[in-house]
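Below is one structure, written out as structure tokens, with a few remarks after it.
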Amino acid sequence: MAVNHWYFLLLPLAVLAVMSLLRFRGCAFQTGGIPGQPDLYGSAVAGDNPIAWFRLEETPGATTAKNQEGPPDGTYQTAASPLSAGNPLWNSPAVANTSLTLGINNPSLVVMESQDPFDFSARFEGSQVVANIPALLNLTEFTVEALVYADWDLNATGKYYCVLELAGIPHPATNIKGAGFGLYAGPSDTQNPSSPYSWQVWVGNGLNFDRLEEVKPYLSNDPADPGPNVEKDAATYLAFTFSQLQNQAILYLYALDRNLDDYKYPLTPTTYAPVVIGTDSQGLQIGATAQGPLFNPPAGTPIPVLYPFIGQMANVAIYNTALTESQLRQHAITGFFFNSPAN
Amino acid sequence: MHNARAYFRSGTRHSSHPWDGVRRYSYACMLYLGAVSGIFVGTRFAEHRGLPALRVLAAMLFLFPAALVGSRLLFVILHWRIFRRDRARIWRTVEGGAALYGGLIFSFLFSLPLAWVLALPLGALWDAVAIAMLVGMIFTRVGCLLQGCCAGRPSQSWIAFESPNAQGVWCRRLPFPLFEAGIAALALVFAIRFLDHYSGGFLFLACLAMYGTGRWVLEPTREKVDRLAGWSVHRIISAVLVTTAAAVLFFWVLSGGSFAVTR
């Protein structure tokens, strides 16, 4: 077919113009909701009005972690390899090869999951999400929740792994961070580095960070209750509620193989200093902290990444209220389960 | 029925496939190639049949964006529960989301005044548009296969092979986009080989009936089937279009209408 009209030469340009204008990228959703399916988890969380919410379900190559509550979003960052542990007294793990893996899914395990665009997580190893969100300042009552899967060697004890942290700049007197809060995994007995790992809450008291110890005996009254221990090969829905006014702090753990009602750990509150305007340093950190060590000696210069979380994570949300147990349970249930398509 | 969300035990990563770098833009690239090729071939086909090439080209260039808009609109309608919550997403086309039948229906409606303005016979114009659409579909569905949109359902059949879905999850799937490209190719070959002597919309209606029938048969091989009250939406549309095309052809022939080519 010979081209015998000059205007055929304009055809590629005209089509390009139309496509540039409409920017079609495919005939199926590549992000977002399940066509025809209700987003049960999303509805449950959105209904409780989080002030920051990162589902961490971006596709590979993304550099922005979307804040479902609107801007500002977070930024994915990966530390250079190898990541140093810093001073041994800080108890931060070293990472030989840092990495960030987005969009993890396993259709071979549960076939229907391949149809669920919500079923993705991010894997951190010397990487993190950093988000500077003004709404997180001055929090005196809050809830933090995250779906986590620990992937480090649990037999190599004595280190701390940061799920998330919101901490202020180091206190001038101690040169160590003294405001904010963090969700960590670390030795269950802070004085015994070889004790098994447990999920822990640390808060700033104005001068440094303190761990909020679990009230013992545990509520379950079960001698076999291991406490909020980190389990190998198990996804855990972690939630922490804090109310300065009510002097109450509670750590909740929900796991598929646990009774969802029984794992509630009241914590012993201590003095708490929130991050306030003017003292925030690098905002919310998910997957590591960049705001210095938990322990002395203070860092002479800012440490870009400490306590890197090694494992998968999704559905990180922060609320400016202390959610009730039933609300959290609903999040956990919808986070772990979804309605599969009717067909 | 509930399924456990056990993806945290995952070892499979959809980011690790060597094609993933190509995957991201494959749909847009193939849509572009398909549109350029389809419009060119369709226009030349119309010119071959005695229609003014410039006006046919202009018509097709107007119908192309109309088809894209229509396909998006049908997708939005079918997934209104999602778009109702976030209406800014309706035109966030970079997220993907389009339904071919919407493009066909909307562009047909748009062509009614367009054909009148351009003084083109509607039936003859749509004979050419049908050729353009079939050519374009062959390219575009290859793009779908590469990108993972319109993915086939997971299967261990001998005809299934490793391919992604829109979320980048790779597994053995039935190659639905290739099936659809095959329907388009067969319809195209049949139309050019056996229907070239018919015009006035006959070729268009015949192609519509062939594609609709093929789509109706193949719809269950898709991973995601859009349903309304349990019925496959695209099967319903296919059935309606096939029935309409067949009925129009039947009554047209019955009433002594002519499909002679005007050259």
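Per the conditions (1) closer than 23 Å to A:G278 by Cβ; (2) at pLDDT below 90, the sole criterion not satisfied by A:F142 is (2). Could you list all residues from the range B:35-45 that are buried (at least 23 other Cβ atoms within 10 Å of the Cβ) and touching a Phe, Trp or Tyr at 6+ places or on another chain (Cβ under 8 Å)? Residues satisfying the conditions are B:A35, B:G38, B:I39, B:T43. Restricting the search to the range B:214-263, which residues are at pLDDT below 90 and of a type in the set (G, A, S)? Listed by number, the residues that qualify are B:A229, B:G230, B:S232, B:S255, B:G256, B:G257, B:S258, B:A260.
Residues in the range A:129-172 that are over 18 Å from A:P293 (Cα atoms), in contact with a strand residue (DSSP E or B) (Cβ under 7 Å, 6 or more places away or on another chain) and not in a strand (DSSP E or B): A:N132, A:I133, A:A135, A:L136, A:L137, A:D151, A:W152, A:L154. Specify the residue that is surrounded by the most Cβ atoms within 10 Å (Cβ to Cβ); the eligible residues are those in the range A:195-241 that are without any contact (Cβ under 8 Å) to a residue 24 or more places away in the chain and farther than 24 Å from A:G158 by Cβ. Per the stated criteria, the residue is A:P217. Scan the range B:184-238 for residues that are within 14 Å of chain A (Cβ to nearest Cβ), out of contact with any Ser or Thr (no Cβ under 6 Å at 6 or more places or on another chain) and surrounded by 18 or more Cβ atoms within 10 Å (Cβ to Cβ) and the total you get is 10.
Which is more than 30 Å from A:G42 (Cβ to Cβ), among the aromatic types (F, W, Y) and crowded, with 16+ Cβ neighbours inside 10 Å, of B:W126, B:W116?
Values: B:W116 fails: crowded, with 16+ Cβ neighbours inside 10 Å.
Answer to the selection: B:W126.
Among the residues that make up the range A:224-233, is at least one of them more than 21 Å from the chain's Cα centre (by Cα), charged (D, E, K, R) and at pLDDT below 95? For the range A:224-233, residues more than 21 Å from the chain's Cα centre (by Cα), charged (D, E, K, R) and at pLDDT below 95: present. When B:R172 is tested against (1) buried (at least 22 other Cβ atoms within 10 Å of the Cβ); (2) over 17 Å from the mean Cα position of the chain (by Cα), only condition (1) is not met. Total residues in the range B:115-158 satisfying the condition of being over 22 Å from the mean Cα position of the chain (by Cα), of a type in the set (A, V, I, L, M, F, W, C) and in a loop (DSSP other than H, G, I, E, B): the figure is 4. Using the structure shown, decide if B:A151 is farther than 22 Å from B:L125 by Cβ and among the aliphatic types (A, V, I, L, M). Spelling it out, B:A151 is indeed farther than 22 Å from B:L125 by Cβ and among the aliphatic types (A, V, I, L, M).
Evaluate the range A:32-49: report whether one residue or more is modelled with pLDDT of 90 or more and of a type in the set (A, V, I, L, M, F, W, C). Within the range A:32-49, none of the residues are modelled with pLDDT of 90 or more and of a type in the set (A, V, I, L, M, F, W, C).
Every residue, every condition in (1) more than 9 Å from chain A (Cβ to nearest Cβ); (2) surrounded by fewer than 23 Cβ atoms within 10 Å (Cβ to Cβ), yes or no:
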residue: B:L31; (1), (2): no, no
residue: B:L68; (1), (2): no, no
residue: B:L78; (1), (2): no, yes
residue: B:A88; (1), (2): yes, yes
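Is at least one residue of the range A:70-81 among the charged types (D, E, K, R), at pLDDT below 90 and surrounded by 14 or more Cβ atoms within 10 Å (Cβ to Cβ)? No, the range A:70-81 contains no residue that is among the charged types (D, E, K, R), at pLDDT below 90 and surrounded by 14 or more Cβ atoms within 10 Å (Cβ to Cβ).
The values are calculated or read from the model by the stated rules, or taken from the named source; none is laboratory data. Computed from a predicted model, the values in this text were never measured in an experiment. Cβ: placed from backbone, ideal geometry, glycine included. Neighbour counts: every protein chain shown.
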